[in-house]
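Reading through the structure tokens given below for one structure.
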Amino acid sequence: MIKPVGELLIRLRGDFGQFLIATRWYIRFRGYRIFARFELIKDALVDALYKKRGRYVRPFLHFATIGLIFFVITVGPVILSLNDAEAEEVQGGAVIPDGAFGSSFYTQQAEEVRQFRGGEVIDHVVSEGETLSSIAERYGLQVETILWENDLTAKSTIKPGQELRILPVDGVRHKVARGETIFSIGKKYGLEDSQTQVMVDYPFNEFLNDETFELATGQFLMVPEGVKQVASATGPRPTRIVQTTPDAGSVTALGSFVWPASGSITQRYSFYHKAIDIANRGAGPILAADAGTVISAGWLDGYGYGNRVMVDHGNGYITLYAHMSVISVTAGQRVNRGDVLGQMGNTGRSTGTHLHFEIRRSSTLLNPLDFL
């Protein structure tokens, strides 16, 4: 019984081997014939193109370009969406803390600029159930900013499908008329001459001349903090006599800051203006906000801050006082808190008499109003 089974297995093995050999021969034979026909067709096509070379180059390039564009348009968004999904999956929706991945003041600034859409005015289509308040909250704006930009009033109603122009920051967008200046425009929206500095500091406003702030007729100018058809006024302050400040000797910072000048805050801390501006029509002295050592004094670059003083307080903080008309200290000098550093002025990139005041820690500019 065992012997017939063994013979059967040997016979099956032989038959299977013959089958494999026949299959291999058939595939090679058929493959060769298919390949030979392909070569004949290819040779004929190449000969035809060669004989009429140059005639089909332009159509070929056009069709190839169209095909490439079609591929990018159809497949590109899919690839980008997959990359975004992978990035979100890796981050897990977590908020990346400041300082991660070696972030610096400049990368933070770029992120803030991105947040405000690069100064772009966008069109928002009102959806069912939306109100002016909800739209303003969505974009981080005041309701009045949306009303002014779209010529609406507090009694206006909005409907689904209606388009609203959304500004990047609170304020008014103004179309420059012939003969207008930043001062006349600022006055129109409730800003005094010293407060027009906010228009100069707004990074997305453009000027024909960066020194005279000349405007082009018909251009749009953003007036941050401007108020439509509202005027404000600040009375003059008495001017104090500026005296040269002697060296204070050994000093120690107290770790708290006092107001460096008297006057009105004409511009607050923002993503494009990391300082506060204090204006006073009567000028007046500028005081050291805390004790420390003067590390720079003068108009060091002939532009920008103008006459400025920087004080290192020895505890990681540095304060900067800019646009001064008179400087009463020298670099290397030590000052006590409240010592006179100079006189409020209008030097450098400035539109009126005021103090530009900064508080720095390392390379980060902090909001002075959090410390004063």
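The values are calculated or read from the model by the stated rules, or taken from the named source; none is laboratory data. None of these values were measured; they are calculated from a predicted model. Reconstructed Cβ throughout: ideal geometry from the backbone, glycine too, with neighbour counts over all protein chains shown.
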Requested in this report: Name every residue in the range 187-219 that is surrounded by 12 or more Cβ atoms within 10 Å (Cβ to Cβ) and outside any loop (DSSP other than H, G, I, E, B), in order of residue number.
Outcome: 187, 188, 193, 194, 195, 196, 197, 198, 199, 200, 201
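Please tell me if residue 210 is closer than 20 Å to residue 264 by Cα and either among the aliphatic types (A, V, I, L, M) or outside the structural domain of residue 351 (by TED's automatic domain parsing) (or both).
Details: closer than 20 Å to residue 264 by Cα: no; either among the aliphatic types (A, V, I, L, M) or outside the structural domain of residue 351 (by TED's automatic domain parsing) (or both): yes.
No, not satisfied.
Can you say whether residue 280 is in contact (Cβ under 8 Å) with a residue 12 or more places away in the chain and buried (at least 16 other Cβ atoms within 10 Å of the Cβ), as far as the supplied structure shows?
Yes: the conditions hold for residue 280.
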Report task. Looking at (1) outside any helix (DSSP H, G or I); (2) closer than 29 Å to residue 271 by Cα, find the lone condition where residue 159 falls short. Result -> (2)
**Report entry** Complete set of residues in the range 164-178 that are touching a strand residue (DSSP E or B) at 6+ places or on another chain (Cβ under 8 Å) and aliphatic (A, V, I, L, M)
**Finding:** 164, 166, 167, 169, 172, 176
Query - First in the range 253-265 and under 15 Å from residue 320 (Cβ atoms) and in contact (Cβ under 8 Å) with a residue 60 or more places away in the chain, second anywhere and buried (at least 18 other Cβ atoms within 10 Å of the Cβ) and among the charged types (D, E, K, R), Cβ under 7 Å, 6 or more apart - result: 257/290
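With respect to residue 320, is the statement that it is modelled with pLDDT of 90 or more and either under 29 Å from residue 214 (Cβ atoms) or out of contact with any Cys (no Cβ under 9 Å at 6 or more places or on another chain) (or both) true?
For residue 320, the condition - modelled with pLDDT of 90 or more and either under 29 Å from residue 214 (Cβ atoms) or out of contact with any Cys (no Cβ under 9 Å at 6 or more places or on another chain) (or both) - is met.
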Report task. Go through 326, 294 for me and flag whichever is assigned to a strand (DSSP E or B) and at pLDDT below 90. Result -> 326
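When the residues of the range 302-323 are filtered to those that are part of a loop (DSSP other than H, G, I, E, B) and among the small types (Gly, Ala, Ser), which remaining residue is nearest to residue 274 (Cα to Cα)? Working first, answer last.
So the first thing to find is which residues in the range 302-323 are part of a loop (DSSP other than H, G, I, E, B), and the list is 302-306, 313-316.
Then keep just the ones that are among the small types (Gly, Ala, Ser); that gives 302, 304, 306, 314, 316.
Working: 302: 21, 304: 14, 306: 17, 314: 21, 316: 18 Å.
Looking at the filtered set, the residue picked out is 304.
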Query raised in the report: Is the range 341-352 home to any residue that is touching a helix residue (DSSP H, G or I) at 6+ places or on another chain (Cβ under 6 Å), touching a residue at least 60 places away in the same chain (Cβ under 8 Å) and part of a loop (DSSP other than H, G, I, E, B)?
Result: yes
Query - Residue under evaluation residue 233, criteria (1) at pLDDT 85 or above; (2) surrounded by fewer than 20 Cβ atoms within 10 Å (Cβ to Cβ); (3) part of a loop (DSSP other than H, G, I, E, B), criterion not met - result: (1)
Requested in this report: Scan the range 144-157 for residues that are of a type in the set (Val, Ile, Thr) and either surrounded by fewer than 17 Cβ atoms within 10 Å (Cβ to Cβ) or modelled with pLDDT of 90 or more (or both) and jot them down.
Outcome: 153, 157
Requested in this report: Would you check if residue 184 is free of Cβ contacts under 8 Å to residues at least 12 places away in the same chain and outside any loop (DSSP other than H, G, I, E, B)?
Outcome: yes
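Table: residues versus (1) in the same structural domain as residue 182 (by TED's automatic domain parsing); (2) buried (at least 22 other Cβ atoms within 10 Å of the Cβ); (3) within 30 Å of residue 187 (Cβ to Cβ).
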site	(1), (2), (3)
300	no, no, no
314	no, no, no
318	no, no, no
331	no, no, no
335	no, yes, no
338	no, no, no
347	no, no, yes
354	no, yes, yes
362	no, no, no
Query raised in the report: When you look at residue 300, is it in contact with a Pro (Cβ under 6 Å, 6 or more places away or on another chain), under 20 Å from residue 332 (Cβ atoms) and hydrophobic (A, V, I, L, M, F, W, C), yes or no?
Result: no
Report task. Evaluate the following for residue 215: is it modelled with pLDDT of 85 or more, farther than 30 Å from residue 140 by Cα and assigned by TED's automatic domain parsing to the domain that holds residue 178? Result -> no
